[in-house]
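Please treat every number below as a calculation from the coordinates, not as lab data. Values in this document were obtained by computation on a predicted structure and should not be read as measured data. For neighbour counting, all protein chains shown are included, and Cβ atoms are generated from backbone atoms with ideal geometry for every residue, glycine included.
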Amino acid sequence: MSDVGEWQEDVQGRLPVHKAVVRVLPEGTKVLSAEPSGTSAWTKTAKVSVLLPDGNPKRYFLKCASGQGARSLAEGEFHSASAIDAIVPGMVPKPIGWGEYKVGETHVYFIVSDYYDMKLRERPNPAQFVSMVADLHERGTSPNGMFGFAVTTVCGKMERTVTWTESWAESFSNQLKDVIKYDNETNGPWPEYDAACKQLLDVVIPRLLGALQSDGRDITPTLVHGDLWENNVGIDKATGNIVVFDPGCVYAHNEMEFGTWRCTWAFHFALPLYTRLYHGRLGPSEPVEEWDDRNRLYSIHPYLNDSAGHPGSISRQIAYNDMLYLCDKYGPLDSLEKYDPAKDVAINGTHIPFVINQLESDWSPKVDSPSIQQVEMAEGPPCA
């Protein structure tokens, strides 16, 4: 799948297109141009304009990545988008293909999908959006009845452990261990935090998530987008339809989808209306009274994922305080520090602005690409 130094000729624009990319397009497609499109902390993205074999013009979206999690990002997103598109057609841009090429010694992985000219950061119609998400969760049942996914997927650039298992507590623990490891690699050890992580994994999760599959209760593994926050949702300018992108799927407990809606970067989805509409279609799992605690637990994953990708982020402190809350309630341990309500964003309503730095790569042969872009985003951190 790897090629060295094969670039498509006669392509206009500021970005090159490798022949490996052309090979996943319909045979006979002529690439006309490629221009930077969008802002991403982990990838280089482009709008690729082509002429199809029948002479009709078309645009594709190209995303390229190298380094940590790059293959899983491209391959995982392709299979994730394919799974979503098969269940709710039109919910995500139709995936076309993925692949790999080399620039020098650097492996570059890419995914190609249909291009949409979208309005971003605009609040999606709550009823329409929630109906789309509920359709995905209701119809997207696991092919083997287990939790996991067929290929490794990512949130941002952080890979998930998606080994098939019948236990949701085990599946989520695996994913949480991933981001704890990444966070420690980025920010270094913290003994008090490490102790809370251990108690969360050893005691709290078996109790809180184990209750979903005990005493006659059960949950159905369902397909979740895996990174469903506001900056992964747009409005197609041509049709007005809602489009969701950058999936990193896993067959999971459907409530895991909403952990990020609790986080400090949530702005539209933090509104109770979205959750209320969803529960009108698919109610909370039993035990219903533990819904909010499960939501708090699920929010720890995106918080630590953010912390791992952004050294010094306050997300680590927020996640730690949430761990202390859950440990105090479901697995008290005298040696742990005490939960601080004043630091609880569910109480104080903290909303944190971020600055996203566009990824600059050294694996593009053209030198006239735009310089690094800094985009002020009050909405939160990038996850793709």
Under 12 Å from the Cβ of Asn174, count the other residues' Cβ atoms, weight Lys and Arg +1, Asp and Glu -1, and hand me the total.
-> 0
Summing +1 per Lys or Arg and -1 per Asp or Glu among the other residues with Cβ less than 11 Å from Tyr193's Cβ gives -2
Note the angle between two axes, namely the Cα long axis of helix 272-281 and the longest principal axis of the Cα atoms of the chain, as a number of degrees from 0 to 90, rounded to the nearest 10.
-> 90
Taking the Cβ-Cβ separation of Asp292 and Leu52 as r and a Förster radius of 56 Å, what is the calculated FRET efficiency to the nearest 0.05?
-> 0.65
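Where in the range 51-122 are there trypsin sites (Lys or Arg not before Pro) that are in a DSSP coil and have at most 15 other Cβ atoms within 10 angstrom of their Cβ?
Arg121
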Given Gly283, Leu297, Val203, which one lies farthest toward the positive end of the charge dipole of the chain, if we put +1 on the Cβ of every Lys and Arg and -1 on the Cβ of every Asp and Glu?
-> Gly283
Dipole size in debye (nearest 20) for the chain around its Cα centre, Lys and Arg Cβ +1, Asp and Glu Cβ -1?
-> 760
What is the distance, in nm, between label points placed 7 Å from the Cα along the Cα-to-Cβ direction at Arg23 and at Glu138?
-> 4.3
Taking the Cβ of Val22 as the centre, find all other residues whose Cβ is under 10 Å away and add up their charges (Lys, Arg: +1; Asp, Glu: -1).
-> +1
Any idea what the relative contact order of the chain is, in percent, if you count C-alpha pairs under 8 Å spaced at least 6 apart?
-> 18
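Tell me the GluC sites (Glu not before Pro) within the range 98-164 that lie in a loop according to DSSP and have at most 13 other beta-carbon atoms within 10 Å.
Glu105, Glu122
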On Cα atoms only, tilt of 315-330 relative to the major axis of the chain in degrees = 30
Name the most mobile residue of Asp54, Asp178, Asp236, meaning the one with the largest mean-square fluctuation, in a Gaussian network model of the chain with Cα contacts below 10 Å.
-> Asp54
Read-out Rg and Dmax of the Cα atoms in Å, candidates [x] 25.8, 77; [y] 21.1, 75; [z] 21.1, 71; calculated match is [z]
So between Leu273 and Gln128, what do we pick up on full extension, going 0.36 nm a residue minus the alpha carbon distance?
-> 51.0 nm
